[in-house]
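One structure is given here, and the rest of the page talks about it.
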Amino acid sequence: MKKLMKLATAAACFALVLSIAAGCSATASGSASNIGLLTDGVLKVGCEIGYPPFELYDDDGTTPIGLDVELGKAIAKELGLTTQLEDTAWDGIFAGLDVDKYDCIISAVTIDAERREKMDFTQPYIENWQAIVVKTGTPAVTSMKGLDGLSVGYQDATTSDDYLAELIETGEVACKVNEYDKVLNCFDDLRLNRINAVLCDSTVANGYLSREPGVFEITWIQSDEPGAVAEVFGIAVKKGNTKLLDALNGALRKLEESGELDNIRKNWL
Amino acid sequence: MDRNPKSSNKKLKRVAITLIVILAALAALALTKPDRETITASLSTTLIENAGSKYAETYNDFFVFNIIRAKDSNTAETDTYIGIAGNMVNVNTGFMKTLGNVIIWIPALMRGAGVTIQLTMAAVCAGLVLSVFLALGKISKIKPINRFCSAYIFFFRGSPLLMQLFFVYYGLPQLNPAFAINDKFLAAFIAFSLNSGAYCAEIIRAAIQSIEKGQFEASSVLGLSYSQTMRLIIIPQSIRRLIPPVANEFIMMLKDASLVSIIALADLTQVTRSISSSSSSVVVYIPAMIIYLLITALFTFIFGRLEKRFSVYQ
């Protein structure tokens, strides 16, 4: 009888373990909803709000708007999800992806070799060049070399930062650098003549030029240089999350075909 | 206290000898370190050739040793040598690579630390001067002066320093272009000293009011005027009491100085963050925090000395 009891207990334990394991695998596949999301039905998007025209707050100070915000919504609609924007400082935005703060980053992220090693990127959704912006009426800077001796502003840890840092390091350009947390503040200081020029993405520069006509002008753009290669923006996902990557790429392709991606671009650039 | 002149002479002698030995050793190191040409010649020629126009070289001389780094900006490949006592030590791998990185970063970190220290010292000193008037105003019985000083302290203690800094730098020029303060250091100095003034005013007020009321009464019985009482009796005693909280304010301000990254002023924190982003590693935070600790230790030591010196009144 005792033996039977023991056997029964063992069997019960075994069944319990099995059911827990089954439950686990069930929840795992359930929450991932087969496209590798953190929360079922919600696409959590990391972005640094304060980078017009890609992501910025509307005049009410609480509604995020911009090209990336619209793109995120369009993709989520395509996939039957809702979006949840996670406003993050640019400093550390990539670290947030690694620790699962959000599913993907749609924040004007340039695809480059160094970043490719640390995360996966979707197909590019926009082309971009480095550009020099000066205030209208001040001397035009028509080459990177022309920045010599000037006071130049750019946003910390962006491709503009890398581009200029390399030229300074190799001794091609000698200028005074001003590193800002936000590209907005670069333009604030340019408007007040505190700096001579801003180095930023051509898309960002165009956004400023169209919103405040006559205040700023682009005097150099990288695409004029022989042999220059365009920077492209992509959506970043955690390294190895191929399910989500495929889903996002699929959605991007559909938006491209339907012309909606073009509409979004035209709206903001 | 050592009051025996003979033994203090002996002590002095020992200190002098140690100093001379250390200086001689440093001088020997400085004289034997390889010169720039020699250490440059040891760099990998393949790296230099491959890099072509994208070649970058960093050289730093630290008196007793020097360091050189060749970098191919295309591939981010580097070759680094430390020159010490006639040797060229290659530091391309493992722990030595980290050490080489830290040494390369030191000049930039020190420039950042210079800005941080200057800003802190200037702001707290100006704040202290301002705070004497604010504190006297706040304990004054003249209503308008009292009201103004109380309101000032309420405002600057009650709103975030970050906002005050942002407002001074970006907000004022929008109110009126004549208020534009275009020098970043000056803008930071103004915001920080106005803020520090409010905090120090409370420290000073507390120190003055901590002196027993009886002393005011005794002074007036002796026929001293208010200003004489303050100058001769009260303030000398309160100085000793306000040194510890002022030291505290100093250290707080040292760390608050990191807020200046919002106006793109390259202080120690800003430099650290930009090195961290360009090297994609957080190792640089270690030397940076050590520098902060060294500055704090120095201030703590100085204020400890001051406290001892002013304790003669007690």
Only one of B:Ala113, B:Ala123, B:Ala135 is aliphatic (A, V, I, L, M), surrounded by 13 or more Cβ atoms within 10 Å (Cβ to Cβ), in contact with a Phe, Trp or Tyr (Cβ under 6 Å, 6 or more places away or on another chain) and farther than 28 Å from B:Pro34 by Cα. Can you tell me which? B:Ala123
Would you check if A:Ile93 is under 16 Å from A:Gly234 (Cβ atoms) and either of a type outside the set (A, V, I, L, M, F, W, C) or within 14 Å of another protein chain (Cβ to nearest Cβ) (or both)? yes
Neighbours by Cβ (under 8 Å, 6+ apart or cross-chain): first from the stretch A:52-79, touching a residue at least 12 places away in the same chain (Cβ under 8 Å) and farther than 26 Å from A:Glu212 by Cβ; second in a loop (DSSP other than H, G, I, E, B) and open to solvent by less than 70 Å² (accessible area, probe 1.4 Å): A:Leu79/A:Ile35
Before we move on, is A:Asp156 open to solvent by 40 Å² or more (accessible area, probe 1.4 Å) and assigned by TED's automatic domain parsing to the domain that holds A:Asp201? no
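What do you reckon, is A:Leu150 surrounded by 17 or more Cβ atoms within 10 Å (Cβ to Cβ), within 14 Å of chain B (Cβ to nearest Cβ) and at negative phi?
Taking the combined requirement at face value, the residue does not satisfy it.
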Which of the residues spanning the stretch B:96-143 are hydroxyl-bearing (Ser, Thr, Tyr) and closer than 25 Å to B:Ile275 by Cα? B:Thr98, B:Thr116, B:Thr120
Taking the stretch B:275-291 and keeping residues open to solvent by 30 Å² or more (accessible area, probe 1.4 Å), in contact (Cβ under 8 Å) with a residue 40 or more places away in the chain and assigned to a helix (DSSP H, G or I) leaves B:Ile286
Within the set of pairs 6 or more residues apart or between chains, which connect a residue that is among the hydroxyl-bearing types (Ser, Thr, Tyr) inside the stretch B:230-255 to a residue that is open to solvent by less than 50 Å² (accessible area, probe 1.4 Å) and in a helix (DSSP H, G or I) with Cβ atoms less than 9 Å apart? B:Ser238/B:Ile204; B:Ser238/B:Ala207; B:Ser238/B:Ile208
Is it fair to say A:Gly227 is more than 12 Å from every other protein chain (Cβ to nearest Cβ) and on the phi > 0 side of the Ramachandran plot? yes
Among the numbered criteria (1) open to solvent by 10 Å² or more (accessible area, probe 1.4 Å); (2) within 16 Å of A:Tyr51 (Cβ to Cβ), which one does A:Val183 miss? (1)
Identify all residues within the stretch A:115-134 that are within 14 Å of chain B (Cβ to nearest Cβ), surrounded by fewer than 20 Cβ atoms within 10 Å (Cβ to Cβ) and touching a Lys or Arg at 6+ places or on another chain (Cβ under 8 Å); write none if there are none. A:Lys118
Test result for B:Leu130, more than 30 Å from A:Asn193 (Cα to Cα), in contact with a Cys (Cβ under 8 Å, 6 or more places away or on another chain) and open to solvent by 40 Å² or more (accessible area, probe 1.4 Å): yes
In the stretch A:186-224, what count of residues is obtained for those that are within 12 Å of chain B (Cβ to nearest Cβ) and either touching a Ser or Thr at 6+ places or on another chain (Cβ under 8 Å) or open to solvent by 30 Å² or more (accessible area, probe 1.4 Å) (or both)? 6
Counting just the residues of the stretch A:46-104 that are aromatic (Phe, Trp, Tyr) and touching a helix residue (DSSP H, G or I) at 6+ places or on another chain (Cβ under 7 Å), which one comes out surrounded by the most Cβ atoms within 10 Å (Cβ to Cβ)? A:Phe54
Just one of A:Glu169, A:Glu179 is facing another protein chain (nearest Cβ under 9 Å), free of Cβ contacts under 8 Å to residues at least 40 places away in the same chain and farther than 21 Å from A:Leu56 by Cβ; which is it? A:Glu169
Candidates A:Asp112, A:Asp161 - the one that is surrounded by fewer than 16 Cβ atoms within 10 Å (Cβ to Cβ) and either within 12 Å of another protein chain (Cβ to nearest Cβ) or within 22 Å of B:Thr272 (Cβ to Cβ) (or both): A:Asp112
State the number of residues belonging to the stretch A:83-121 that are in a loop (DSSP other than H, G, I, E, B) and acidic (Asp, Glu). 4
Checking the structure you have, find out if any residue of the stretch A:245-258 is touching a residue at least 60 places away in the same chain (Cβ under 8 Å), under 24 Å from the mean Cα position of the chain (by Cα), open to solvent by 50 Å² or more (accessible area, probe 1.4 Å) and within 14 Å of chain B (Cβ to nearest Cβ). no
The stretch B:6-86: strands (runs of 3 or more DSSP E) wholly inside it with 2 or more residues that are open to solvent by 50 Å² or more (accessible area, probe 1.4 Å) are B:55-61, B:77-84
Does the stretch B:188-197 hold any residues that are touching a residue at least 60 places away in the same chain (Cβ under 8 Å), among the aliphatic types (A, V, I, L, M) and surrounded by fewer than 24 Cβ atoms within 10 Å (Cβ to Cβ), and which are they? B:Leu194
Condition met for B:Gly100 (under 18 Å from B:Ala288 (Cα atoms) and open to solvent by less than 60 Å² (accessible area, probe 1.4 Å)): yes
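The values are calculated or read from the model by the stated rules, or taken from the named source; none is laboratory data. A quick note: this is a predicted structure, and the numbers were derived from the prediction, not measured. For neighbour counting, all protein chains shown are included, and Cβ atoms are generated from backbone atoms with ideal geometry for every residue, glycine included. Each accessible area value is taken on the protein alone, full model and side chains, heavy atoms only, with ligands, DNA and RNA left out. Shrake-Rupley method; radii C 1.70, N 1.55, O 1.52, S 1.80 Å.
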